[in-house]
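Novice: Following this message is one structure expressed as structure tokens.
The values are calculated or read from the model by the stated rules, or taken from the named source; none is laboratory data. For clarity, every value in this text was computed on a predicted model and none was experimentally measured. Cβ placement follows ideal geometry from the backbone for every residue including glycine, while neighbour counts extend to all protein chains displayed.
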Amino acid sequence: MDDFNTIRLKKKIIEKFKEYSKKTSPSYSETLDYMIAFFEDTGLSPYDTMRNPILSYTRALNKRAKAVIDILRNIEKTQLIPTREMLESLFEEVEKEEPVYFERTQEEIEASKTETEKLLDSYAKELDKYRKELYDTKNEFSYLLNKLSHIKNTFGKSYYRLDMSKEKIEELKSNFL
């Protein structure tokens, strides 16, 4: 069994303590033990007034925040900084390497092409040729339309007249036919 000792307290305080102890635990020793554990666990002082709990909680949180900061600094020193240094050293080695360029002749480029690429090249050339022909045709047609003039006839139907020389018309015929 535990050894018991006595503590001298004022009668008013003993009455308060007995009343409080009946509400919380079966013995006075357990009540006192719980009270001490509470103050030790929370880091609060018995002199803190609970009228301003924010101040007491702030003190406790500051202690916890300092512990978290210490943990994060330790992680930074032991894990993050060495990892960053390793990555930087890898990138420095990559940057030092100069790219190697190979010069190839047109014959080598043509020889390395597949059949599909060769077909695509021929189709692209034909497409360019037809686009140029279309552009030229549009320009000639636009020139032809600019040479047309509308003539209103007082008797009979109105008509269009082409103001162009016979040689130019023959040249256009030969281009289109």
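Novice: Take the conditions among the acidic types (D, E), at pLDDT 85 or above, within 30 Å of L162 (Cα to Cα) and more than 26 Å from the chain's Cα centre (by Cα) and apply them to E140. Does it pass? Before the answer, list the steps.
Specialist: Values: among the acidic types (D, E): yes; at pLDDT 85 or above: yes; within 30 Å of L162 (Cα to Cα): yes; more than 26 Å from the chain's Cα centre (by Cα): yes.
For E140, the condition - among the acidic types (D, E), at pLDDT 85 or above, within 30 Å of L162 (Cα to Cα) and more than 26 Å from the chain's Cα centre (by Cα) - is met.
Novice: Would you confirm whether or not the stretch 159-167 contains a residue that is more than 30 Å from G43 (Cβ to Cβ) and either touching a helix residue (DSSP H, G or I) at 6+ places or on another chain (Cβ under 7 Å) or assigned to a helix (DSSP H, G or I) (or both)?
Specialist: Of the stretch 159-167, the ones more than 30 Å from G43 (Cβ to Cβ) are 159-167.
Next, from what is left, pick out any that are either touching a helix residue (DSSP H, G or I) at 6+ places or on another chain (Cβ under 7 Å) or assigned to a helix (DSSP H, G or I) (or both): 166-167.
Yes - at least one qualifying residue is present in the stretch 159-167.
Novice: Take N74 and tell me if it is closer than 30 Å to E40 by Cα, free of Cβ contacts under 8 Å to residues at least 40 places away in the same chain and either in contact with a Gly (Cβ under 9 Å, 6 or more places away or on another chain) or surrounded by 10 or more Cβ atoms within 10 Å (Cβ to Cβ) (or both).
Specialist: Details: closer than 30 Å to E40 by Cα: yes; free of Cβ contacts under 8 Å to residues at least 40 places away in the same chain: yes; either in contact with a Gly (Cβ under 9 Å, 6 or more places away or on another chain) or surrounded by 10 or more Cβ atoms within 10 Å (Cβ to Cβ) (or both): yes.
So N74 fits the description; yes.
Novice: Based on what the data block shows, is D33 within 25 Å of A60 (Cβ to Cβ) and exposed (fewer than 10 other Cβ atoms within 10 Å of the Cβ)?
Specialist: Judged against the criteria, D33 is not a match.
Novice: Going by what's in this entry, would A60 be described as part of a helix (DSSP H, G or I), of a type outside the set (S, T, N, Q), in contact with a helix residue (DSSP H, G or I) (Cβ under 7 Å, 6 or more places away or on another chain) and modelled with pLDDT under 90?
Specialist: Yes: the conditions hold for A60.
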